[in-house]
Amino acid sequence: MKRVILQRVFLLCTAVLLLTSCLNETGNKESGQVFGVIRFDMKKGANVLDVGEYQALYHIRFINDFDDDCYWVAYEIDYDAPENSADNNIGDNCYVHTINLLADPVKVEKWGIYPYLTDTTSVLTGEIAIKDPILDDMFNYVKGKAFMFCLLNMPKDQKMSFNLSYDMKNLTSEDSGYKYYNVYLRASIRREGEESKIDVGYINAFEMRSFLESAAYAEKALGKTSFRLKFHYLSEIDSEGKMKWSTKDSFDIPTTLILPEEK
C-alpha cells in the first residue's frame with residue numbers, strides 16, 4: 001500500500017519511505033532524523049532545537065523561529081568541526097551540537113489534549129475516518145510534546161485539524177493484565193484537498209505533559225515502571241453518517257521517559 005508522509009519525506013538509510021528515525025555513523029560524523037522543540041539557549045545566545053534529555057541541535061535556519069515551535073529534522077553532525085568541540089558545545093544544562101541540514105526541516109503542527117469528550121455519537125463537521133491513530137507505534141516525547149504519525153486516506157494537499165481528548169470518568173481501563181489510559185482522537189478537514197486520495201502519514205505534536213506526567217506519577221506510586229495508552233478513534237464513517245469506533249493500544253511508555261528526573 002502506498003504511503004506518504006505529509007509535507008515532505010526524508011530519504012535516509014534506505015531507498016524506501018521512512019516512518020521511523022534512523023542513525024548512520026561514518027568516521028566521526030553522525031546523521032539521522034529527529035523530532036525537536038525550539039528553545040532560546042542563553043549560553044549559546046541563539047535558538048536551539050531540544051531533541052531529548054540534555055541534548056540540543058543548533059542551525060542558523062532556526063534563528064527566526066518562536067519558542068516551542070516543533071520540527072522534524074534530517075541532520076548530520078561533524079564531531080571534528082571546531083564548533084562541536086568540548087569548549088563550544090555547552091548550552092543551558094545541555095550539550096548543543098551544530099548540525100548540517102540534509103533536507104528542509106518539516107514544521108510540525110501542535111495540538112492540545114482536552115479533559116472532556118466531543119459527542120461520540122455524532123460526526124463532527126468535516127470529520128473523516130482514521131486508518132491508524134499511531135502509525136507503526138511511532139511515539140516520540142520531547143519537552144512535553146508527543147510526536148505521532150496518524151494514518152489517513154486523503155489528498156496529500158489537504159489540511160486537517162485534530163482533537164485529542166479524554167473523559168475523567170473513564171480515564172483508565174484494564175485489559176489482559178494491562179492498565180490503559182483512554183484517549184480519543186478525531187480528525188476533521190480544515191481545507192479540502194484537490195489531489196487523489198492516498199494513504200498519508202500526518203505528523204502531529206500533541207502537548208501532553210500534564211496528562212502524561214499525571215499518569216506516570218500515579219503508576220509510579222503503585223510501583224509500576226510503565227503504562228499504556230488506548231486510542232479510541234473513528235475507523236469508519238459511511239455515506240449515511242453511521243460511525244464505527246475502534247481502539248488501538250500503544251506500547252509500554254516508561255515512566256522515566258515522562259519523568260526523567262525520577263530515574
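The values are calculated or read from the model by the stated rules, or taken from the named source; none is laboratory data. It should be emphasised that the depicted structure is a prediction, and the values quoted were computed from it without experimental measurement. Cβ coordinates were reconstructed from backbone atoms using ideal geometry, including for glycine residues, and neighbour counts include every protein chain displayed. Ligands, DNA and RNA are excluded from the accessible area calculation, which covers all protein heavy atoms including side chains. Shrake-Rupley method; radii C 1.70, N 1.55, O 1.52, S 1.80 Å.
Counting each DSSP H run of 4 or more residues in the chain as -39500 (n - 2.57), what helix-only mean residue ellipticity at 222 nm follows after dividing by all residues, to the nearest 500 deg cm²/dmol? It would help to have the intermediate numbers written out before the result.
Details: 2 runs with 17 residues, N = 263.
So the helix-based figure for the chain works out to -2000 deg cm²/dmol.
Counting each pair of different Cα atoms once, what's the Kirkwood radius of the chain in Å, rounded to one decimal? Don't skip to the answer; put the middle values down first.
Working: mean 1/r = 0.0502 Å⁻¹.
Hydrodynamic radius (Kirkwood, Cα pairs) of the chain is 19.9 Å.
State the answer as a single residue: which of Thr247, Ser85, Met148 lies farthest towards the positive end of the charge dipole of the chain, with beta carbon charges of +1 for Lys and Arg and -1 for Asp and Glu, about the Cα centre.
Thr247
Run down the lysines and flag those whose C-alpha is under 21 Å from the C-alpha of Lys179, throwing out any fewer than 8 positions away in its chain.
Lys169, Lys220, Lys224, Lys230, Lys248
So, for the range 121-263, what is the accessible surface per residue at a probe of 1.4 Å, expressed in square angstrom? Please list the in-between numbers first.
Details: 6760 Å² over 143 residues.
On a per-residue basis, the range 121-263 sits at 47 Å².
Would you kindly calculate the mean projected area, averaged across all directions, of the convex hull enclosing the Cα atoms of the range 150-263, in square nanometres? Before the final figure, lay out the partial values.
Numbers: hull surface 35.6 nm².
Answer in nm², one decimal: 8.9.
With a 10 Å radius around each residue's Cβ, average the other Cβ atoms per peptide and rank 45-52, 194-201, 146-153, highest first. Can you show the working numbers first?
On the way: 45-52: 19.5, 194-201: 14.5, 146-153: 22.2.
Order by mean packing, descending: 146-153, 45-52, 194-201.
So for the chain, taking the charge dipole from beta-carbon charges (+1 Lys/Arg, -1 Asp/Glu), which of His97, Gln55, Leu212 sits furthest toward the positive end?
With unit charges placed on the Cβ atoms, the residue in question is Leu212.
Whole-Å semi-axes of the range 209-263's equivalent ellipsoid, largest first, each the root of 5 times a Cα gyration tensor eigenvalue?
Working: eigenvalues 221, 19, 14 Å².
That gives 33, 10, 8 Å for the three semi-axes.
Using the Cα centre of the range 142-263 as the reference point, and only Cβ charges (+1 on K/R, -1 on D/E), how large is the resulting charge dipole? Debye, rounded to the nearest 20.
Once rounded to the nearest 20, the dipole reads 240 debye.
Using a 1.4 angstrom probe on heavy atoms only, work out the carbon and sulfur share of the accessible area of the range 16-135 in %.
On the way: 3180 of 6150 Å².
For the range 16-135, the apolar C and S fraction of the accessible surface comes to 52 percent.
For the range 67-172, what Kirkwood radius comes out of the mean inverse Cα-Cα distance, in Å? Working shown, then result.
Details: mean 1/r = 0.0567 Å⁻¹.
When all Cα pairs of the range 67-172 are included, the Kirkwood radius is 17.6 Å.
Please enumerate, by chain and number, the aspartates and glutamates with C-alpha under 16 Å from the C-alpha of Lys110, excluding those fewer than 8 residues away in the same chain.
Counting by Cα, and skipping residues close in sequence, Lys110 has these aspartates and glutamates nearby: Asp50, Asp65, Asp67, Asp68, Asp69, Glu207.
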